[in-house]
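Visitor: Here it is, the structure, as structure tokens.
Taken together, the values in this text are just the output of simple stated rules run on the coordinates, not laboratory data. Fair warning: this is a prediction, and the values are worked out from it, not measured in the lab. Neighbour counts are summed over all protein chains in view; Cβ atoms, including those assigned to glycine, are modelled from backbone coordinates with ideal geometry.
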Amino acid sequence: MRIGLYGGSFNPAHEGHRHVCLTALRRLRLDRIWWLVTPGNPLKDRGDLAPLDERAERARAVARDPRITVTTVEAEIGSRFTRDTLRFLVGRRPGIRFVWIMGADSLATFHRWKGFGDIAALVPIAVIDRPGFTLAAPAARAASVLARYRVPEREAPRLASMTPPAWIYLHGPRSDLSSTAIRRNARANAP
């Protein structure tokens, strides 16, 4: 079984999240993707954070694909950091080939994630291109640190079978949707 893990606040979930996952399913030849709706990102302001159950419910409505499962596993296991979540999942499901999926905007700040090197050592990573990050993200600090482990894009179907560290940057159609912009528009249009 080849499963992509796509974590985030999903505040709110939108079609861009779905686009990233459909791209990953196809290009990486994954069997499934689990959306890990986090209780709260330690690097983001929690002031605008909707309740976890609301975010998970909206994510389920947006996902609309039987291969995508929305979970709140991080809240269930008490994890605050991706590294700890991955350790939990990899340790409990050793027969599954997990791949961490992130947008290029996340790669740009990946060096700030607690234990980003540990994350890269636990599972292969697929980075999906985002508008405005095509050139900046591959030149980011974490990308430079992990440069020798970058896999050519033509190897995408094999990524899930590779021993980490291994990461790939996938180009293709991009979505410019943003949860931040959606929240900003909602506030601007509120009565």
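Visitor: I need the Debye-formula profile for the chain: one equal scatterer per C-alpha, no solvent, reported as log10 I(q)/I(0) at q = 0.13, 0.16 1/Å, two decimals.
Guide: -0.64, -1.01
Visitor: Under the rule a/c < 1.5 gives rounded, and otherwise a/b versus b/c splits prolate from oblate, where does the range 57-100 land using the Cα gyration tensor?
Guide: Verdict is oblate for the range 57-100.
Visitor: Residue separation times 0.36 nm, minus the C-alpha to C-alpha distance between residue 118 and residue 15: what's the value?
Guide: 34.1 nm
Visitor: What shape does the range 117-163 have by the C-alpha gyration tensor, where a ≥ b ≥ c are the square roots of the eigenvalues, rounded means a/c under 1.5, and otherwise prolate means a/b greater than b/c and oblate the rest?
Guide: Verdict is oblate for the range 117-163.
Visitor: Next question. Counting other Cβ atoms within 10 Å, keep those with at most 11, restrict to DSSP loop, and tell me which trypsin sites (Lys or Arg not before Pro) in the range 15-113 are left.
Guide: Sparse-neighbourhood loop trypsin sites (Lys or Arg not before Pro): 46, 64.
Visitor: Of all beta bridges DSSP finds with both residues in the chain, what is the antiparallel percent, to the nearest 5?
Guide: 0 percent
Visitor: Mean residue ellipticity at 222 nm from the helices of the chain, using -39,500 (n - 2.57) per DSSP H segment of n ≥ 4 over the full residue count, to the nearest 500 deg cm²/dmol?
Guide: Theoretical 222 nm ellipticity from helices: -10000 deg cm²/dmol.
Visitor: Moving on to the next point. What nm distance separates the two modelled labels at residue 96 and residue 135, each placed 7 Å from Cα along Cα→Cβ?
Guide: Going from the residue 96 label point to the residue 135 one covers 3.9 nm.
Visitor: Then there's this: Normalised by the empirical 2.2 N^0.38 Å for globular proteins, what value does the Cα Rg of the range 47-156 take?
Guide: 1.17
Visitor: Another question, then. Gaussian network model of the chain, Cα springs within a sub-10 Å range: biggest mean-square fluctuation belongs to which of 122, 170, 89?
Guide: Highest fluctuation among the options: 89.
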